1. On the basis of being assigned to a helix (DSSP H, G or I), touching a strand residue (DSSP E or B) at 6+ places or on another chain (Cβ under 8 Å) and either touching a residue at least 12 places away in the same chain (Cβ under 8 Å) or on the phi < 0 side of the Ramachandran plot (or both), does residue 157 make the cut?
2. Collect the residues in region 121-146 that are surrounded by fewer than 18 Cβ atoms within 10 Å (Cβ to Cβ), part of a helix (DSSP H, G or I) and touching a residue at least 24 places away in the same chain (Cβ under 8 Å), keeping them in residue-number order.
3. Every residue in region 59-91 that is over 15 Å from residue 168 (Cβ atoms), surrounded by 14 or more Cβ atoms within 10 Å (Cβ to Cβ) and over 13 Å from the mean Cα position of the chain (by Cα), please.
4. I'd like the full set of residues that are within 20 Å of residue 69 (Cβ to Cβ) and more than 17 Å from the chain's Cα centre (by Cα), limited to region 144-169.
5. Any chance region 77-94 includes a residue that's within 26 Å of residue 42 (Cβ to Cβ), assigned to a loop (DSSP other than H, G, I, E, B) and modelled with pLDDT of 95 or more?
6. Quick check, is residue 111 under 23 Å from residue 154 (Cβ atoms), in contact with a strand residue (DSSP E or B) (Cβ under 9 Å, 6 or more places away or on another chain), assigned to a strand (DSSP E or B) and touching a residue at least 24 places away in the same chain (Cβ under 8 Å)?
7. Quick one: in region 21-58, which of the residues that are in a loop (DSSP other than H, G, I, E, B) and modelled with pLDDT of 90 or more is surrounded by the fewest Cβ atoms within 10 Å (Cβ to Cβ)?
């Protein structure tokens with residue numbers, strides 16, 4: 001079998017054209033918002049004293065919660081709060097824009113709640129937050145997410161005394 005040498009610049013251009021075509025098929029729904037600063041704060045407590053919460057854009061939710069709406073052209077900017085004692089077997093991942101086959105088999109690879117509980121019992125972290133957060137990462141128009149959902153998440157994490165939010169993507 002012979003292979004043709006491909007210029008990486010050509011591959012990049014092909015990738016860009018494929019995505020332009022894909023986005024065009026969705027209509028004018030994509031909004032780009034440039035962050036003006038990095039949202040990072042050094043934790044105020046050592047990790048062995050910190051209360052840690054999980055936040056994922058991987059579409060995680062409990063089986064008894066409404067799945068994320070993957071049919072909406074503008075995405076689903078809602079949040080699913082997940083209690084700390086939720087068994088991994090009770091988690092689902094509703095997201096059509098990444099392959100979550102591995103997460104379906106072992107939710108801890110995307111939403112490592114069992115590992116967080118183990119870290120707390122071993123004293124690696126101070127405590128597992130009472131509530132964790134699942135949102136959909138498919139939100140091409142993020143205005144509602146930023147205006148409504150993010151403040152709701154921040155308020156809940158503050159109420160729960162969260163010191164560190166561990167973020168996982170989707």
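1. yes
2. 143, 144, 146
3. 62, 65, 67, 69, 70, 72, 74, 75, 84, 86, 90
4. Within region 144-169, 147 is the sole residue that qualifies.
5. Taking every residue of region 77-94 in turn, at least one turns out to be within 26 Å of residue 42 (Cβ to Cβ), assigned to a loop (DSSP other than H, G, I, E, B) and modelled with pLDDT of 95 or more.
6. Judged against the criteria, residue 111 is not a match.
7. The initial filter retains those residues of region 21-58 that are in a loop (DSSP other than H, G, I, E, B), namely 26-46, 50, 57.
Keeping just the survivors that are modelled with pLDDT of 90 or more gives 45-46, 50, 57.
On the way: 45: 12, 46: 10, 50: 19, 57: 20.
Selected residue: 46.
Residues checked against (1) over 28 Å from residue 47 (Cα atoms); (2) at pLDDT 95 or above:
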position: 74; (1), (2): yes, no
position: 100; (1), (2): yes, no
position: 109; (1), (2): no, no
position: 118; (1), (2): no, yes
position: 126; (1), (2): no, yes
position: 143; (1), (2): yes, no
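The values are calculated or read from the model by the stated rules, or taken from the named source; none is laboratory data. The shown structure was predicted, so the numbers you read here are calculated from the model rather than taken from an experiment. Please note: Cβ atoms are built from the backbone with ideal geometry, for glycine as well, and neighbour counts cover all protein chains shown.
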